[in-house]
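Read through the structure below, which is laid out as structure tokens, and then see the notes.
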Amino acid sequence: MRQDPPEPHSWNPAQHCQQGRFRGGWGYRLDGFPPGRPSPDNLNQICLPERQHVVYGPWNLPQSGYSHLSRQGETLNLLETGYSRCCRCRSHTNRLDCARLVWEDAMTRFCEAEFSVKTRPHWCCRQQGEARYSCFQEAAPQPHYQLRACPTHQPGISLGLELPFPPGMPTLDNFKNVCHLRRFRSVPRNLPATDPIQRQLHALTQLEMEFQRCCRQENNLTCVWKAWEDTLDGYCEKEQATKTHHHSCCHYPPSPARDECFAHQAPYPNYDRDILTLDLGRVTPNLMGHLCGNRRVLTKHKQIPGLIQNMTARCCNLPFPEQACCAEEEKSAFVDDLCGPRRNFWRDSAFCCDLSPGDEQTNCFNINYLRNVALVAGDTGDARGQGEQVPTGGTNISPTPESKEE
């Protein structure tokens, strides 16, 4: 007897890059806290587009016993939002003045949050005025904002002739991707006409046809999993009927061991080969390079595609160095519009519009609505229904503003 459809057991390192966690457990501070005070020596590094920073929240912080880390994370999030605004200033002097005010405001807010709870506050918060700021600066572990050691493990979209074989084992983790992203998947063409590749190509084509049948049956996971298993068993039968070198997994008889072998070798276990997840919270030249290509936004809500359309229509034709600045301005206008004239036309589930306009409001949008937006590569044809396909599993899409009409 073969095993039942497996339980989810995936783990996405891109979503679990836990900076601030010391060997042996969580410590008293996050990596990079307290942040260094902006100065002429570190301003260029602060505004460097390639500088990476972590967005902190429940997804990468402990949820019990470490509330001080949550307060530090909220401070770093707010600070980075302010830095993004300040770095758009064309004058170096204005940038520095802006960044200093943002830093001082963030540290003041942090101390207010520290004193609002009964636990022991950060030692620098016990001081006042310039003495407090100097204390934070002296305690900063990375005063020059050097590039962090933990990069974003975001793979690029595969656009080549690579054959996505073997296909991933269907699980509860990737099941929605199997069905909801099926119409975005394409089997590569113009591949070498060798028998081994043609057998793999035939198996993938047959499997997609079976997926289509199963997904029409109210997204039946058991059907999808059996189709995957039967297709690969049929593939191995054809492999073993030849005298050439067989696929390594086909050396196993039909068994859970064969299934695990194929699952382990799957290059795209989450069925997200053509999906790219971007953080719109911090617009960089590299991000604009993705947005200005031929991409399709995946979200079940209406506002995010509208934002990206504004960013691309008004900014992609500008010189490359000016694109990111233009896009940040469009994002700010987008937030102002949603919390202003269009406030009653969508459901603000994170209550961002209840916060003070400016960095605090923008930071809320960055974390709750713009942190993970999925794009699909290439021309996907008819744009209708583009808001219906929401990836799951490895892509981990954040919620987006909900339209009240939906």
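The values are calculated or read from the model by the stated rules, or taken from the named source; none is laboratory data. Bear in mind the structure is a predicted one, so any value in this text is a computation, not a measurement. Positions of Cβ are backbone-derived with ideal geometry, glycine not excepted, and every protein chain shown enters the neighbour counts. In case anyone asks, the SASA skips ligands and DNA or RNA and just uses the protein heavy atoms, side chains included. Shrake-Rupley method; radii C 1.70, N 1.55, O 1.52, S 1.80 Å.
Remarks
- Neighbour net charge for LEU370 - beta-carbon separation under 11 angstrom, K R +1, D E -1: +2
- By a 1.4 Å probe calculation restricted to protein chains, TYR271 has an accessible surface near 20 Å², given to the nearest 10.
- Euclidean distance of C-alpha centroids, the stretch 32-72 and the stretch 255-286, integer Å: 27
- Using θ = phi - 60° and Karplus 6.51 cos²θ - 1.76 cosθ + 1.60, couplings along the stretch 45-52 (whole Hz; Gly, Pro as x): 5, 4, 8, 5, x, 7, 5, 9
- Counting only protein chain heavy atoms and rolling a 1.4 Å probe, the accessible areas of VAL117, VAL376, VAL54 rank, largest first, as VAL117, VAL54, VAL376.
- Here, P(r) means the percent of Cα pairs in each 5 Å bin from 0 to the largest distance; for the stretch 196-334 it is 2, 8, 14, 14, 11, 8, 8, 9, 10, 8, 5, 2, 0.
- Computed over protein heavy atoms with a 1.4 angstrom probe, the accessible surface ordering of ARG183, ARG71, ARG342, ARG29, largest first, is ARG183, ARG342, ARG29, ARG71.
- Distance histogram in 5 Å bins (all Cα pairs of the stretch 42-139, percent per bin): 2, 12, 20, 21, 20, 14, 7, 2, 1
- Both radii come from the Cα set of the stretch 174-265: Rg as radius of gyration, Rh as Kirkwood radius; their ratio Rg/Rh reads 0.98.
- Length gained on full extension, ARG126 to GLN265: 44.5 nm, using 0.36 nm per residue less the C-alpha separation.
- Accessible surface of HIS122, taken over heavy atoms with a 1.4 Å probe and every protein chain present, rounds to 20 Å².
- Heavy atoms of LYS176 accessible to a 1.4 Å probe, total area in Å² rounded to 10: 110
- Nonpolar atom fraction for the stretch 192-289, defined as the carbon and sulfur part of the 1.4 Å probe accessible area, stands at 54 percent.
- Charge dipole (Cα centre; +1 on Lys/Arg Cβ, -1 on Asp/Glu Cβ; no other charges) of the stretch 34-110 amounts to roughly 160 debye.
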